[in-house]
1. Can you confirm whether the range 75-88 contains a residue that is in contact (Cβ under 8 Å) with a residue 24 or more places away in the chain, farther than 20 Å from I19 by Cα, polar (S, T, N, Q) and in a helix (DSSP H, G or I)?
2. Report whether or not A92 is more than 30 Å from Q4 (Cα to Cα) and part of a helix (DSSP H, G or I).
3. In the range 1-48, what residues are farther than 20 Å from A84 by Cβ, charged (D, E, K, R) and exposed (fewer than 13 other Cβ atoms within 10 Å of the Cβ)?
4. Assess whether Y36 counts as being on the phi < 0 side of the Ramachandran plot and touching a residue at least 24 places away in the same chain (Cβ under 8 Å).
5. Any idea how many residues of the range 85-110 are small (G, A, S), surrounded by 12 or more Cβ atoms within 10 Å (Cβ to Cβ) and under 27 Å from G24 (Cβ atoms)?
6. Among the residues of the range 50-59, are any polar (S, T, N, Q), surrounded by fewer than 12 Cβ atoms within 10 Å (Cβ to Cβ) and modelled with pLDDT under 95?
7. Looking at the range 5-35 only, could you name the residues that are of a type in the set (D, E), in contact with a helix residue (DSSP H, G or I) (Cβ under 8 Å, 6 or more places away or on another chain) and more than 17 Å from E100 (Cα to Cα)?
8. Do we have E8 as within 30 Å of Q109 (Cα to Cα), more than 13 Å from the chain's Cα centre (by Cα) and not polar (S, T, N, Q) here?
Amino acid sequence: MISQEELEQIEISNKEALIAVEKGEALKRLLDSDDYKLVFTEGYLNEYASNLGKAIARNTGQYDVDKLMENLKGINTFIGYTFAVSNAYHEASQTLRDNEAYIAQSEDQE
């Protein structure tokens, strides 16, 4: 039997997990958007990052290499954030499944 305290902890856990799932679902929709693919995937992440890398590699003195490196690191930070959202989504989905199974198992034992 689940205690009231356990039930409250599960509810808190589920609320937090649902927020992460909602954000993960939003990210999925965003990544699937043709506009996102055009502007961010093709433009920002591919073309712009490539241009930054080429400008750094050529180092003609025309650009501030430190600023170019900061911009490239910013792209990497953005990618890292999307991975963090995705990982949180998967972990939260598992938490919801685990909590549901725990409650069902407890009910079966009663």
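1. Checking the range 75-88: not a single residue is in contact (Cβ under 8 Å) with a residue 24 or more places away in the chain, farther than 20 Å from I19 by Cα, polar (S, T, N, Q) and in a helix (DSSP H, G or I).
2. No: the conditions fail for A92.
3. E5, E8, E11, D34, D35, E42, E47
4. Here the answer is no, as Y36 does not meet what is asked.
5. Here the count works out to 4.
6. yes
7. E25
8. Spelling it out, E8 is indeed within 30 Å of Q109 (Cα to Cα), more than 13 Å from the chain's Cα centre (by Cα) and not polar (S, T, N, Q).
The values are calculated or read from the model by the stated rules, or taken from the named source; none is laboratory data. Because the structure is a prediction, the values reported are computed rather than measured. With ideal geometry, Cβ positions are generated from the backbone for all residues, glycine too; neighbour counts draw on all protein chains shown.
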